[in-house]
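The values are calculated or read from the model by the stated rules, or taken from the named source; none is laboratory data. Everything numeric here is computed off the predicted structure, so don't read it as measured data. Methodologically, a virtual Cβ is constructed for each residue, glycine included, from the backbone with ideal geometry; neighbour enumeration extends over all protein chains shown.
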Amino acid sequence: MCGIFLAGMAPPEVAAHQIDDFLGKIMTTMYVTYPGKSDAWFDRDYYVTHHMPLVMEAWSSIGLKSATAFFPTDTTNGTVAICECQFKDESALQAALASPETPRVLADLKNFTKIEPVLKRGINI
């Protein structure tokens, strides 16, 4: 969708494939959000001390540059936690999601929450 938006904004001499090439070479962000009410079970300590290092271990060799956890102080908006994962590019993100390590990352969810995470993707321009 972003490629289409950018293609529509680009000068006529810029082909859509040039924009796709550009997008493939810039950092890509994956946001993992945990929607829920303030009383939803989410073990922040486990998340920071065990899950986040597991994510880095699983995906850093594929192109994960950083992972940052955010815990909104006001959970009335329905978000308990957010993880921002910065990948070197879109192909690194796709490789991480398809990695044989990903099932291990997902299996760890039960150790800190019952909330099903929502994945969202962004690009850094």
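The table below gives the values:
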{"read-out": "Residue in the range 72-83 that is touching a His at 6+ places or on another chain (Cβ under 9 Å) and at negative phi present", "value": "yes"}
{"read-out": "Output for the range 43-78, where each listed residue is closer than 19 Å to residue 27 by Cβ and β-branched (Val, Ile, Thr)", "value": "55, 62, 68"}
{"read-out": "Residue match in the range 104-121 (condition: without any contact (Cβ under 8 Å) to a residue 40 or more places away in the chain, of a type in the set (Lys, Arg) and outside any strand (DSSP E or B))", "value": "yes"}
{"read-out": "Subset tally (residues that are under 15 Å from residue 120 (Cβ atoms) and of a type in the set (A, V, I, L, M)) for the range 81-95", "value": "3"}
{"read-out": "Members of the range 38-54 found to be outside any helix (DSSP H, G or I), exposed (fewer than 15 other Cβ atoms within 10 Å of the Cβ) and not acidic (Asp, Glu), listed by number", "value": "38, 41"}
{"read-out": "Count - residues of the range 60-96 that are among the small types (Gly, Ala, Ser), modelled with pLDDT under 95 and not in a loop (DSSP other than H, G, I, E, B)", "value": "1"}
{"read-out": "Selection status of residue 57, acidic (Asp, Glu) and either part of a loop (DSSP other than H, G, I, E, B) or out of contact with any Phe, Trp or Tyr (no Cβ under 9 Å at 6 or more places or on another chain) (or both)", "value": "yes"}
{"read-out": "The range 83-97 residues that are more than 24 Å from residue 43 (Cβ to Cβ) and of a type outside the set (D, E, K, R), paired with ones that are assigned to a helix (DSSP H, G or I) and at pLDDT 95 or above (beta carbon under 6 Å, 6 or more apart)", "value": "87/93; 92/62; 95/62"}
